[in-house]
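Taking it in order: structure first as structure tokens, then the write-up.
Laboratory data are not the source of any read-out in this text; all were calculated from the coordinates shown. Predicted model only: the values in this text are computed from it and were never measured. A quick note on method: Cβ atoms are made from the backbone with ideal geometry, for glycine too, and the neighbour counts reach across all protein chains shown.
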Amino acid sequence: MVIPYGHQLIDDSDISSVVEALKSDWITQGKRIEQFEKSLSKFVGAKYTCVVANGTCALHAACIAAGIGPGDEVIVPALTFVASANCVLYCGAKPVLCDVYPDTITIDVEQAQKKITQKTRAIIAVDFAGHPADWDKLKKLAGKYHLILIDDASHALGSVYKGRRIGSIADLTTFSFHPVKAITTGEGGAVATNEKRYFETIKKIRHHGISRPKESKSKGGWYYDVDTLGYNFRMTDIQAALGASQLKKIDSFIQTRRKIWGIYQKQLRNVDGVSLPVEKKEAKSAWHLFPIRMNSKNRKRVFDKMRKDGIGVQVHYIPIHFFSLYRKDYKIGDFPIAESYYHQALSLPLYAGLQLNEQMYVIESLKKALR
């Protein structure tokens, strides 16, 4: 038996949607892009959504739209996938790392406040494992210091904070559609916002910075202008067709993820040496991950034994300041909560296609490995 930590769930309706796109006249830059964007906007409760090539492009585009550039600082949690910080570097700005809360592993807002300087332009908060960050505190802090809030919601499509879907709260919210996420487009991402100016900027930069001013019509139907540096961040219509089909099933996917989460909670709550993820009362997580914690001395042994059993357990994540690229600005011990969590963490398989017998096999393998 081989069980990955995450996996896509593709059915015949998804395949039919992709085939239909392939048979159409437009397999990129066609109508399916806008259709998918409108469906995403409706689902998350945002006025505008712009789909892009992947979640990292979404973060990069969000930073550009926010006006982040050389001389700016952006506060980023120390424990997240490295793309959350890299996107700041792409813009020539400085990521300033911050510790996380010990329960939700989301950015510690009180610690973030201590990191604010005259150079701080934005905060990137991550909804870790699908659990929303403390958005009330973040919005209050951002308002006080006139900062832009970017939500890295790569884990959190479908998550809810105080009755509001993630995607409608921060100034800019980014999503990922990698195969291990709630829905997939193979590779893909999106930025949601309620600000038209952000949307228009992202829409332009994803297509090389190209615009077609009204006055250019007199120069010929072929004419266009490039008034800003852009990129090729485009998603194809093939991907959008898959995403739109997947999005129709997202409520079912999340319900299944939460059911799997509940079974893990019930089966593991009395296992010695294991701490389980929490869900705060103001949150309803879409649960991208099920990260447990254990004695750091046991973690590698348990990891190796479960991998030998064919179970693709994983560690999310290596703290950013452990990487050579970032090490020069920090030292071990700067972010004790993030570091402690990293040494204890192990993510168990969680995805909509995980069968009950497979989940019970994971649970028994874990218990056996802990003995």
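Couple of notes before you dig in:
- Taking the DSSP beta bridges with both ends in the chain, the antiparallel portion is around 60 percent.
- From phi via Karplus (6.51, -1.76, 1.60), per-residue ³J(HN,Hα) for segment 28-41 in Hz, x at Gly/Pro: 8, 6, x, 5, 5, 4, 5, 4, 5, 4, 5, 5, 5, 4
- Extreme residue, positive dipole direction of the chain, given options Thr106, Ile75, Ala192 (C-beta unit charges): Thr106
- Candidate cross-link partners of Lys368 among the aspartates and glutamates, defined by an alpha-carbon separation under 18 Å and a same-chain spacing of 8 or more, comprise Asp272, Asp304, Asp309, Glu358.
- Exposure proxy ranking, count of Cβ atoms within 10 Å, fewest first, for Met1, Met235: Met1, Met235
- 0 to 90° range, to nearest 10: angle between helix 12-23 axis and the chain longest Cα axis: 30
- Summed residue charge, Cβ within 13 Å of Gly55's Cβ, Lys/Arg positive, Asp/Glu negative: -3
- For segment 194-351, the Kirkwood hydrodynamic radius from C-alpha pairs, put into Stokes-Einstein at 20 °C and a viscosity of 1.002 mPa s, yields a diffusion coefficient of 104 µm² per second.
- Taking θ as phi - 60° and the Karplus parameters 6.51, -1.76 and 1.60, the scalar couplings of segment 131-141 work out to 7, x, 5, 7, 6, 5, 5, 5, 5, 5, 5 Hz in sequence order, x denoting glycine and proline.
- Applying the Karplus relation 6.51 cos²θ - 1.76 cosθ + 1.60 with θ = phi - 60° to segment 357-362 yields 3J(HN,Hα) values of 5, 5, 5, 5, 5, 4 Hz, where x marks Gly and Pro.
- A simple spin-label model places the labels of Lys331 and Lys259 5.2 nm from each other, with each point 7 Å out along Cα-to-Cβ.
- Amide H contacts under 5 Å for Gln314: Ser347, restricted to partners 5 or more places along the chain or on a different chain, H placed in the peptide plane at 1.01 Å from N.
- About the Cα centre, charge dipole magnitude for the chain (Lys/Arg +1, Asp/Glu -1 at Cβ), debye: 420
- Order of Arg299, Arg371 under a 10 Å beta carbon neighbour criterion, fewest first: Arg371, Arg299
- Per-residue Cβ neighbour rank within 10 angstrom, fewest leading, Arg212, Arg234, Arg164, Arg206: Arg212, Arg164, Arg234, Arg206
- For the chain, the pair-distance distribution built from all alpha carbon pairs, in bins 10 Å wide starting at 0, is 5, 24, 31, 25, 11, 3, 1, 0 percent.
- Crossing angle, helix 196-205 versus the chain [Cα axis fit, 0-90 degrees, rounded to tens]: 90
- Nearest-20 debye value, segment 250-370 charge dipole, Cβ charges on Lys, Arg, Asp, Glu: 240
- Chain lengthening between Ile15 and Glu215 when straightened (0.36 nm per residue, less Cα-Cα): 67.7 nm
- Checking the cross-link pairs Lys119/Lys331; Lys115/Lys144; Lys284/Lys367; Lys181/Lys367; Lys259/Lys284 against a 19 Å limit on the alpha carbon distance flags Lys119/Lys331; Lys284/Lys367; Lys181/Lys367 as lying beyond it.
- Expressed as a fraction of 2.2 N^0.38 Å, the value expected for a compact globular protein of N residues, the C-alpha radius of gyration of segment 1-123 is 1.39.
- Cubic angstrom per residue, convex hull over Cα atoms of segment 153-203: 65
- Within segment 1-85, trypsin sites (Lys or Arg not before Pro) in DSSP loop having at most 13 other beta-carbon neighbours inside 10 Å: Lys47
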